[in-house]
Structures are given as C-alpha cells and as structure tokens.
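*Asks:* Got a structure here, written out as structure tokens. Questions coming.
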Amino acid sequence: MSAPPRRGPINIQDGWLFQTLKENREIAVALTTGKFFKGTVRRFDRYAIIFFTSDQEMLVYKHAIVSIVDVPGATARTDWNGAAARPRRPPVGAHHRDRPTQGW
C-alpha cells in the first residue's frame, strides 16, 4: 500500500483572494504606509496582488499590506470590523459647514 499524497501547508489567503477574484467583490486595503484604497482583485501570485481601482491597475506586494476587508456596500461607510461606523459628531457650537465630511 502506498502512502497518502503529502499535502503542503494550508494557504488561507489564496482561497480568500481567489473567491474575491471570482465574485469580483470590492475590497478595502490598508498599506504599511498608512494609505488606504478600494478596488477589486485582478490577479495574484505568491508575492503580489494586482488590484483594479477606479481608473487604473495597481501592483501591490503582499508584504506591504496590513489588512484587507470586504466592502459591504458601495455607499456604506464601515470600520475594519465590517460594522457600520458611527458618524462623527461635530464639536459643540460648530456650524454645519464645519462638520467633517463622511466617507473615505
């Protein structure tokens, strides 16, 4: 009787990235530089991911990524846990024109 085929280590990120690619889901990405962007996965390999943002393709090396999350809705503002973010309150006495804008 021969030994069962040996399996390599489980790679969670490949399965997740393939699913987002297949479903063309929009995701939000945080980089080590502190910058954020939204886009869809076009291609990926062991070291890098190609994202499509609103008007261009962007090659990002995986070691530069801090976090990737699904964007639940195109208009919904969410925090990194996927929950709806609480709108910021303006300081007491602030005029409505001085309020911070919502969104990314």
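*Asks:* Report the net charge of residues surrounding Q13, where surrounding means a beta-carbon distance below 11 angstrom and charges are Lys +1, Arg +1, Asp -1, Glu -1.
*Replies:* +1
*Asks:* Oh, and also: Mind ordering 21-29, 36-44, 59-67 by average Cβ neighbours within 10 Å, highest first?
*Replies:* Those peptides, ordered most packed to least, come out 36-44, 21-29, 59-67.
*Asks:* Using 0.36 nm per residue of separation minus the Cα-Cα distance, give me the extension gain between D70 and L31 in nm, one decimal. Display every interim value, and only then the final one.
*Replies:* Values: separation 39, 0.36 × 39 = 14.04 nm, distance 1.52 nm.
Net length gain for the segment: 12.5 nm.
*Asks:* Taking square-rooted eigenvalues a ≥ b ≥ c of the alpha carbon gyration tensor, is segment 12-73 rounded, prolate or oblate, where a/c under 1.5 means rounded and, failing that, a/b exceeding b/c means prolate?
*Replies:* Rounded, because the longest to shortest axis ratio a/c is under 1.5.
Every number here is computed from the coordinates shown, using simple stated rules; none is lab data. No experiment lies behind these values; they were computed from the predicted model shown. Because the Cβ atoms are built from the backbone with ideal geometry, glycine has one as well, and the counts that use them run over all protein chains shown.
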